[in-house]
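Chemist: There's a structure below that I have some questions on.
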Amino acid sequence: MATDAPPPPHSDDVPDPRADLPSTEEFLAVQESADFAELRRSYRSFAFPLTFAFIAWYLLYVLLSNYAGAFMGTRLFGNVNVALVLGLAQFLTTFLIAWWYSRHAATHLDPRAEAIKDRMEHRA
């Protein structure tokens with residue numbers, strides 16, 4: 001049949017692709033290293049407060065929509081009211097946070113992660 005896979009090569013002909021991978025012990029050593037701890041701290045110190053702030057901002061919008069209908073229905077101009085402006089601000093803050101995180105990752109996280117990766121790949 002044309003869709004049958006070719007037979008696997010003999011184990012003597014093909015080197016084990018896992019031979020170049022770091023061992024479990026090497027991964028654990030990196031995980032316990034100061035560099036990895038600093039990478040984790042840098043990520044968490046950015047992501048956790050921003051996540052908390054965005055969830056609080058979103059819940060405020062939901063609570064205002066449910067319990068402050070008169071305020072949310074206040075017309076600002078034409079048919080645009082407070083609820084519409086705050087709802088659109090949810091989208092704006094989502095994109096701003098994504099952009100800000102991208103900058104933070106590129107300047108603080110990626111270089112540290114790349115250094116750790118390089119050390120793991122070029123170990124003796």
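The values are calculated or read from the model by the stated rules, or taken from the named source; none is laboratory data. Note that the structure is a prediction, hence the values are computed from the model and not measured. FYI the Cβ positions are ideal-geometry reconstructions off the backbone, even for glycines, and counts take in every protein chain you see.
Chemist: Out of the residues in region 29-68 that are at pLDDT below 90 and of a type in the set (A, V, I, L, M, F, W, C), which is nearest to Leu96 (Cα to Cα)?
Modeler: Going through the qualifying residues, I end up with Val30.
Chemist: Could you tell me which numbered condition Leu76 fails, if it satisfies all but one of (1) touching a residue at least 60 places away in the same chain (Cβ under 8 Å); (2) not in a helix (DSSP H, G or I)?
Modeler: If we test Leu76 against (1) touching a residue at least 60 places away in the same chain (Cβ under 8 Å); (2) not in a helix (DSSP H, G or I), just (1) comes out false.
Chemist: If you don't mind, there's one more thing I want to ask. Tally up the residues in region 99-113 that are under 14 Å from the mean Cα position of the chain (by Cα) and either under 12 Å from Ala47 (Cβ atoms) or of a type in the set (Ser, Thr, Tyr) (or both), please.
Modeler: 7
Chemist: Here's a check for you: in region 34-52, which residue that is free of Cβ contacts under 8 Å to residues at least 12 places away in the same chain and farther than 30 Å from Gln90 by Cβ is farthest from the chain's Cα centre (by Cα)?
Modeler: Among residues in region 34-52 that are free of Cβ contacts under 8 Å to residues at least 12 places away in the same chain and farther than 30 Å from Gln90 by Cβ, the one farthest from the chain's Cα centre (by Cα) is Ala34.
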